[in-house]
Each structure stands twice: as C-alpha cells, then as structure tokens.
Amino acid sequence: MRSMSEDRTHVQEFFTARAADWDSRFPDDGPAYAAAVAELGLREGDRVLDAGCGTGRALPPLRAAVGASGTVVGADLTPAMLQAAARAGRDKDGHLLLADVGALALRSGAFDAVFAAGLIAHLPQPSENLRELRRVVRRGGLLALFHPIGRAALAARQGRQITPGDLRAEPNLRPLLAGAGWRMTSYVDEDARFLTLAVRED
Ligand SMILES: C[S@@+](CC[C@H](N)C(=O)[O-])C[C@H]1O[C@@H](n2cnc3c(N)ncnc32)[C@H](O)[C@@H]1O
C-alpha cells in the first residue's frame, strides 16, 4: 500500500505528463461542462469550489453562473495542470489554488457548492476526502460529481470492464457519500455523462 505522500506524487506525475495536451485531447466537452454546472442551480453572488480543477475547464461556466460578485476557486494538486489553466486564461474566471482537496486551508462553510469533475477516482481516501469537501460547504450546500463520459463508455474507451466494486456505481457511491455526510439527490450514468448531485444536510 502507498503512503499518502506517495499517492500525491503518483497523481502529480500522472497529470504532469498529461497537462500540456489535456484540453486538446477533449476539445468538445465544453457544452457538457456547462450543462453539468447548470444543474447546480448556482445564483449570482454564490461561492463555488472546483475541486481537482485541472486545467480549469469548468471555471468559465462556474464564473458565468455566479457572476462578477460571486467567488470561484479552482483547487488542484498538480502544479502543471494549474499552469496550463493559467496559460489558457482561466485564472480570469477563478482563483487558482495549489492544494490537496483532502486537506484544504479554507474555512468551514466557505462555499455554497463544490463541483468535482473526474476527481473521485483519483482520491486515495474517498470517504475522508469527501468529508473534507463537506466541511468547506455550508449546510444545505451542494456537491456535483461529474465526468463528461459515462462509466460504461469510459471503461470501453480504456479497454476494461466495469467491476462491481467501482466506486462510482450507484450502490457503492450512495453509502460512500452518506458516510461522508452527503445525501445523494440524483444519479445519472449515461454514455454522454456521469453526474451525481448530493446535498450537505447538517
Ligand atoms: C481527470 S483530471 C480532471 C481535471 C478537471 N476537473 C477536468 O475535468 O478537466 C483530475 C484532476 O484532479 C487532480 N487531483 C487528483 N487528486 C487530487 C487531490 N487529492 N487534490 C486536488 N486535486 C487532485 C489532478 O491533479 C487532476 O488535475
């Protein structure tokens, strides 16, 4: 088993190698991100965290949703991904923060919502890490776990089978979220997208 610091290094190496051409590999995903952000129902002035923001593909729609008076923070563990975000000008839409979402130097209840695209499969301690995301969201705030491709389509693209233990399978994800203090309110897993919404209840 890897230590937490080895987990971080592994994630950073994996995404550093992919940072430069991340956006060009998935050039048509923009509308899917915008549609997923819309499901959060953000309002003008809201505060939102993009957890594992990568190159910041979600930052423009998040900024559009909360307006100039809102707060958008993109947090990521991999400097090269944040550098690519800045090169793409996405630092205009959100404040970029080099951070591990498992230990955020952000105050409790600071956000109305967390958007996390493609993140959960990379978390070494999903339950603890989802609890940390809950901590920084206000009571009644929302979490969106998104991927611009469904589980089956992603597995096919990667030449593997989905296993019953897949973290994002609904029977696994619902109790995982509940154990971390989130109540799942919707679950969609279709070829063109994966989107789970959850609410912080107390
Ligand atoms: C599949 S990429 C998705 C990036 C972006 N959200 C997108 O949709 O294009 C996953 C990102 O999560 C980041 N990440 C993985 N584990 C993390 C952690 N514990 N804390 C912060 N970021 C993390 C990686 O560095 C990477 O940029």
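Just checking, does segment 59-74 include any residue being touching a Cys at 6+ places or on another chain (Cβ under 6 Å), within 12 Å of the ligand (Cβ to nearest atom), under 16 Å from A116 (Cβ atoms) and small (G, A, S)? Yes, some residue in segment 59-74 is touching a Cys at 6+ places or on another chain (Cβ under 6 Å), within 12 Å of the ligand (Cβ to nearest atom), under 16 Å from A116 (Cβ atoms) and small (G, A, S).
The single condition among (1) surrounded by fewer than 18 Cβ atoms within 10 Å (Cβ to Cβ); (2) part of a strand (DSSP E or B); (3) within 11 Å of the ligand (Cβ to nearest atom) that A116 does not satisfy is (1).
Out of the residues in segment 44-70 meeting the condition of being among the charged types (D, E, K, R) and touching a residue at least 40 places away in the same chain (Cβ under 8 Å), tell me which one is surrounded by the most Cβ atoms within 10 Å (Cβ to Cβ). Step by step, filter segment 44-70, then rank; the result is D50. Among the residues of segment 128-145, some residue qualifies, meaning at least one is outside any strand (DSSP E or B), open to solvent by 40 Å² or more (accessible area, probe 1.4 Å) and within 26 Å of E13 (Cα to Cα).
Of the candidates R43, R47, R25, the single residue that is within 13 Å of the ligand (Cβ to nearest atom) and farther than 17 Å from V11 by Cα is R25. Does N172 satisfy the condition of being within 19 Å of the chain's Cα centre (by Cα), polar (S, T, N, Q), surrounded by 13 or more Cβ atoms within 10 Å (Cβ to Cβ) and under 23 Å from L77 (Cβ atoms)? For N172, the condition - within 19 Å of the chain's Cα centre (by Cα), polar (S, T, N, Q), surrounded by 13 or more Cβ atoms within 10 Å (Cβ to Cβ) and under 23 Å from L77 (Cβ atoms) - is not met.
Scanning segment 71-92 for residues that are open to solvent by 10 Å² or more (accessible area, probe 1.4 Å), more than 18 Å from D29 (Cα to Cα) and not in a strand (DSSP E or B) turns up L77, P79, A80, L82, Q83, A86, R87, D91, K92. Considering only segment 5-14, I want to know if a residue exists there that is polar (S, T, N, Q) and in contact (Cβ under 8 Å) with a residue 12 or more places away in the chain. Yes. Pick out the one residue from A180, A103 that is of a type in the set (A, V, I, L, M, F, W, C), surrounded by fewer than 13 Cβ atoms within 10 Å (Cβ to Cβ) and more than 25 Å from S69 (Cβ to Cβ). That would be A103, the only listed residue that is of a type in the set (A, V, I, L, M, F, W, C), surrounded by fewer than 13 Cβ atoms within 10 Å (Cβ to Cβ) and more than 25 Å from S69 (Cβ to Cβ).
The values are calculated or read from the model by the stated rules, or taken from the named source; none is laboratory data. None of the values given here were measured: they were computed from a predicted structure. Here Cβ is always computed from backbone atoms with ideal geometry, including for glycine, and neighbour counts include all displayed protein chains. Only protein heavy atoms, including side chains, enter the accessible area calculation; ligands, DNA and RNA are left aside. Shrake-Rupley method; radii C 1.70, N 1.55, O 1.52, S 1.80 Å.
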